[in-house]
C-alpha cells in the first residue's frame, strides 16, 4: 500500500513522499471520482437527503469535530457530511474548495496522533538516513586519506626529485661515470655502414623502378637492384631524375629517425605512430619492388617462347624476387631504425649528469600527473559527499512530516463528494442546464484540488 507523508498545517501541502505499508483500507475498490460528476439516474438520490431534514453542521461546531474523529470513517458518515455541507453552501464551487482544504487539514490531524503508525511508516526514511550517514563517513575518510596522506606523499616525492635535480646541476662532477665506449663505437660504425648500404640500395632501386630500361643482361635481380651507374644515368636523363634518385634514400632515413623520436615518447599513442611509419615504409618498398620485378617479368615474357600471363599484384606475392627486394631494403631499414634508437640512447649516457636530469624531469611529470589525478579523485568524492549530505538533510527533514496513505484521502473525498453531488442532483432547486454547469464547475474544483495533492509534503506544525 502506498503511503504519503503530509504536514499537519493549515496550508495546502507542498511536497509528497511515497513509501510502503502493509495496512489496507476497508474499501479498496472505489470507482473513479470522475464518475460522481456524470448525470445520475432517476433514483440516484436518497429519499432522506431529498427531504433536507438534516440540520446544517458548521465546521467549528462540536458535531463537526466529532464526525471527523469517528474511528471507522464510514462511507455514510462522510457522505452525509458532504450532503449537509453542500446544502449549507448551496453547492457553491468556491465554498467547496475551502471545505476540501478544511477536510484535508482535519484528516492530517487525525493521522498525526497515531504515533505507532507514524513510526512504522517513517522507518524506511530513518534507515535511509542511517545508510547515508555511513556512506558520508566512508567517503569522508577516503577523501581525508587522499588529501592528508596520498597527496602530501606525492608532493614530498616531487620535492625530493626537484632537490636531486638541483644537486646534479650544482655538482655535475659527482655524477660522472666512465661508460664503455667500445660498444658505442662499434654500434656507430655498423650504423654508418648500414647508412651507406641504404643510400646505395635506394638510389639504385629507385632508378631501376622509375627510369631504367631493362635489357636481356639485366634479368638478374642483383643487377637490376644495384646499378653502379644509377647516379650517372640519372644525370643523363635530366635534373628531375637526378634529384629524385639522390634524395630518395633520405626519405627512408627520415622515417627511421621518426621511429627514434616516437620511441622516446611516453604516451601509448607512440605505438600507433610507430606502426603507421613502418606501414608507410613497407608500402613504399612494395611499390619499388613491384616495379622492378614487373619490368624483369615483362622482359622475360618478351623473350620467352611461351605465352606467359600478365604480371599482377597477386603474382608479386608469390615471386621470390619480389620478397628478395623487400627484405634487402625494408628489413635493413628496420634494423637501421632500431639501431639508431639504441645508439642515440647510449650516446646520451655519455653525459651521465644530463641523462639523470632528463630521467628525473620525466619523473617530475609523472608525479605531477599523479597529483592531478588524486586532486580530481578527491574533488569527485567531495562532490559525492555534498550530494549525500543534501539527501540526508532532506531525509531528516522528511521525518518532521506526517505520513498517511493517499488511498485514505481518496476514500474520504470520494464519499464526501458523493454526498455533495447528491444534494446538487436531488436537493438543489435549479434547472437542468444550471445543474449541468454546476456539475462541470464542481468537477473542475475537485480535480484541481486533487492535483495539488500530488507527491508533496510540508513540515508538521509543533
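Filtered by the rule that a residue be free of Cβ contacts under 8 Å to residues at least 12 places away in the same chain and under 52 Å from the mean Cα position of the chain (by Cα), the range 278-322 gives 279, 283, 312, 314, 317, 318. Across the range 154-169, a minimum of one residue is classified as assigned to a helix (DSSP H, G or I), in contact (Cβ under 8 Å) with a residue 24 or more places away in the chain, over 36 Å from the mean Cα position of the chain (by Cα) and surrounded by fewer than 14 Cβ atoms within 10 Å (Cβ to Cβ).
Consider the range 243-272 and keep the residues that are within 37 Å of the chain's Cα centre (by Cα) and surrounded by fewer than 14 Cβ atoms within 10 Å (Cβ to Cβ). The one that is nearest to residue 193 (Cα to Cα) is 264.
Residues of the range 105-119 being assigned to a helix (DSSP H, G or I) and either farther than 13 Å from residue 78 by Cβ or outside the structural domain of residue 412 (by TED's automatic domain parsing) (or both), which ones?
If the condition is that a residue be assigned to a helix (DSSP H, G or I) and either farther than 13 Å from residue 78 by Cβ or outside the structural domain of residue 412 (by TED's automatic domain parsing) (or both), then 105, 108, 109, 111, 112, 115, 116, 117, 118, 119 are the ones that fit.
Scanning the range 381-405 for residues that are surrounded by 18 or more Cβ atoms within 10 Å (Cβ to Cβ) and at pLDDT below 85 yields 398, 401, 402, 403, 404, 405.
Checked against the criteria, residue 408 counts as within 30 Å of residue 37 (Cβ to Cβ), modelled with pLDDT under 90 and either touching a helix residue (DSSP H, G or I) at 6+ places or on another chain (Cβ under 6 Å) or not assigned by TED's automatic domain parsing to the domain that holds residue 264 (or both).
Number of residues in the range 229-245 that are at pLDDT below 75 and in contact with a helix residue (DSSP H, G or I) (Cβ under 8 Å, 6 or more places away or on another chain): the value is 0.
Considering each residue of the range 375-403, count those that are assigned to a helix (DSSP H, G or I) and closer than 18 Å to residue 121 by Cα, and give that number. The qualifying residues number 6. Check the range 171-178 and report whether any residue there is modelled with pLDDT of 75 or more and out of contact with any helix residue (DSSP H, G or I) (no Cβ under 8 Å at 6 or more places or on another chain). Checked the range 171-178: at least one residue is modelled with pLDDT of 75 or more and out of contact with any helix residue (DSSP H, G or I) (no Cβ under 8 Å at 6 or more places or on another chain). Residue count for the range 93-107 satisfying the condition of being within 18 Å of residue 444 (Cα to Cα) and touching a helix residue (DSSP H, G or I) at 6+ places or on another chain (Cβ under 6 Å): 5.
The values are calculated or read from the model by the stated rules, or taken from the named source; none is laboratory data. Keep in mind that this is a model prediction, so the values were computed, not measured. Every residue, glycine as well, gets a Cβ built from its backbone with ideal geometry; the counts of neighbours run over all protein chains shown.
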